[in-house]
Structure formats: C-alpha cells, structure tokens
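To start, the structure under review is shown below, and the notes come after it.
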Amino acid sequence: MAAARKRRVSAARRRRQQRFKIGAIAGSVGVVVLVASWNVIWPYLVGALVLGGVTAGGWWLWHTDRFIRSGDRQWRHDEAVKAGHRTLAEVDAMTGTEFEDFVVDLCRRDGCIDVRRVGGSHDNGADVLGVLPDGRSMVIQCKRYTPKSKIPSREVRDLLGARVHFKADVAIFVATTYFSGPAEKFATENDILAVHRDHLGLWNNGASLLSLGTVNGMGQGDRRHRERWKETYE
C-alpha cells in the first residue's frame, strides 16, 4: 500500500509540474505578444490620452470664456443703464425729437442693431426703425405726451399701417403716458407691443425690450395706482 500511495503522490506531483509549465509557457507567450504589439498599440494609447487632455482643456477654456463674457456683458449692460438712466421727470421734459433719441439709445443698449430715427413730417407712421437682438425687424412709434393724456386707438392703428408699409416683423408703441382702454385692446389683439409709462420705467431701469412683451396688455395699474396718478398729474 505504501508503494501505491507513493505512486499516486508522484503522479499528482507530475500533473502539478505539467500545469505549472503550461502556465509559464502561456505567460511567456502573453509577454512576448504584449511586447511585440506594444509598438503598434502605444501610438494609439498616447493619442487617446492627448486627445482626452486637449478635449478637457478645450472645454475648460470654453467654459471660462463663457463665464468671462457673461460677466463682461452684464457689466457693460449695467454701465449702459447707469449712463443712460433718466428719471421720468427728465423724460417728461424732453422734446419729441429728444424722446425719440432716448428710445434709440435704449434699443441700442439692449443689443438692437441698425437702429435709426426716421421721424418727421413724412415718417409714414414710424419714428424708429431697427432690428431686434433675435433678428426680427421692428418699427417704433414714439409719443412724448403729458402724463395725464391718453393714447387714442387711432394712433395705434396708424402704427399697424406702418408695420405693413415697412414690412416689419414687430410693431412697438412707446409712450410717456397710458393708453386708452380701446387702444390697449387693439394693440394686444394685433400683436403690437404697447409700452406705456410704467413699462417705460421698467425699460429705463434695466429691463430688456424683449422682456416687456411678457407684460404686454396686462393692465396699467390698479385703482389705487390710478388715484395716485391723478393726484400727481391732474
């Protein structure tokens, strides 16, 4: 029995030795293959690492540039608001031409381009023409009336005709006072931006021209507001 056990142990030892040899040969072959293929692989590996680094660096630069530009735009906007700010009392004291120039400056402040004053005796119902920041053309009618006056609906209708005449995408009526009820209704029904006195104050204080569209036709103050307005201007 001892001899049989010895033979079994010897057979097991030989099998282990064979497996070790096979593993060693396989490992050696793997090393040889890896070494042989490294010359082919390493350019792609290095290229992938470089590409990843360039992409990450480019994203960081783009993100930083956007952050800086955004801050710069905000700073420029704030400075433009400060430089062009006028109280409504100062606006009320302007002439009609000065008010049109004031509106032109506000449009340019908000990024409108090709803005020019065209008001005059033959203005065809337009005082200012230009292009909004989103690319739409605009025609503007400016009325510097006393605060206690009201814009009648016929003047808003004239602006609708001007929009057709100049083939403008957007019509804007800017006034230093308020619109009559029918005038405001006509403006909203015909997609005309009616910038009354309150909206003009918002625009003058830094709100963008495009943002005024979200409050177009939403009324011109409550009863208490109208009472204070009458006490001040009547």
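Name the residue that is modelled with the lowest pLDDT, counting only residues in the range 202-221 that are farther than 20 Å from residue 102 by Cβ and open to solvent by 80 Å² or more (accessible area, probe 1.4 Å).
218
Test residue 176 against the stated conditions and say whether it is touching a residue at least 60 places away in the same chain (Cβ under 8 Å) and open to solvent by less than 50 Å² (accessible area, probe 1.4 Å). It would help to see each step written out before you state the result.
Working: touching a residue at least 60 places away in the same chain (Cβ under 8 Å): yes; open to solvent by less than 50 Å² (accessible area, probe 1.4 Å): yes.
Yes: the conditions hold for residue 176.
Limited to the range 125-164, what total is found for residues that are more than 23 Å from residue 180 (Cβ to Cβ), exposed (fewer than 15 other Cβ atoms within 10 Å of the Cβ) and touching a residue at least 60 places away in the same chain (Cβ under 8 Å)?
2
Answer yes if at least one residue in the range 101-120 is loosely packed, with under 15 Cβ neighbours inside 10 Å, modelled with pLDDT under 90, over 18 Å from the mean Cα position of the chain (by Cα) and not acidic (Asp, Glu), and no otherwise.
There is at least one residue in the range 101-120 that is loosely packed, with under 15 Cβ neighbours inside 10 Å, modelled with pLDDT under 90, over 18 Å from the mean Cα position of the chain (by Cα) and not acidic (Asp, Glu).
Can you say whether residue 115 is over 20 Å from residue 88 (Cα atoms), hydrophobic (A, V, I, L, M, F, W, C) and assigned to a helix (DSSP H, G or I), as far as the supplied structure shows? Reasoning before the result, please.
Numbers: over 20 Å from residue 88 (Cα atoms): yes; hydrophobic (A, V, I, L, M, F, W, C): yes; assigned to a helix (DSSP H, G or I): no.
Spelling it out, it is not the case that residue 115 is over 20 Å from residue 88 (Cα atoms), hydrophobic (A, V, I, L, M, F, W, C) and assigned to a helix (DSSP H, G or I).
Quick one: is residue 166 within 20 Å of residue 210 (Cβ to Cβ) and among the aromatic types (Phe, Trp, Tyr)? Reasoning before the result, please.
Values: within 20 Å of residue 210 (Cβ to Cβ): yes; among the aromatic types (Phe, Trp, Tyr): yes.
Taking the combined requirement at face value, the residue satisfies it.
If you go through the range 148-162 one residue at a time, do you hit one that is within 16 Å of residue 96 (Cβ to Cβ) and touching a Ser or Thr at 6+ places or on another chain (Cβ under 7 Å)?
Within the range 148-162 (the criterion being within 16 Å of residue 96 (Cβ to Cβ) and touching a Ser or Thr at 6+ places or on another chain (Cβ under 7 Å)), the answer is yes, since at least one residue qualifies.
Which of the numbered conditions does residue 159 fail, given that it passes all the others? Conditions: (1) assigned to a loop (DSSP other than H, G, I, E, B); (2) within 16 Å of residue 193 (Cβ to Cβ).
Only one criterion in (1) assigned to a loop (DSSP other than H, G, I, E, B); (2) within 16 Å of residue 193 (Cβ to Cβ) is unmet by residue 159, namely (1).
The values are calculated or read from the model by the stated rules, or taken from the named source; none is laboratory data. Worth saying up front: this structure is predicted, and the values here are computed from it rather than measured. Counting neighbours? That spans all protein chains shown, and the Cβs are built from the backbone with ideal geometry, glycine included. Keep in mind that these areas ignore ligands, DNA and RNA; they rest on the heavy atoms of the full protein, side chains included. Shrake-Rupley method; radii C 1.70, N 1.55, O 1.52, S 1.80 Å.
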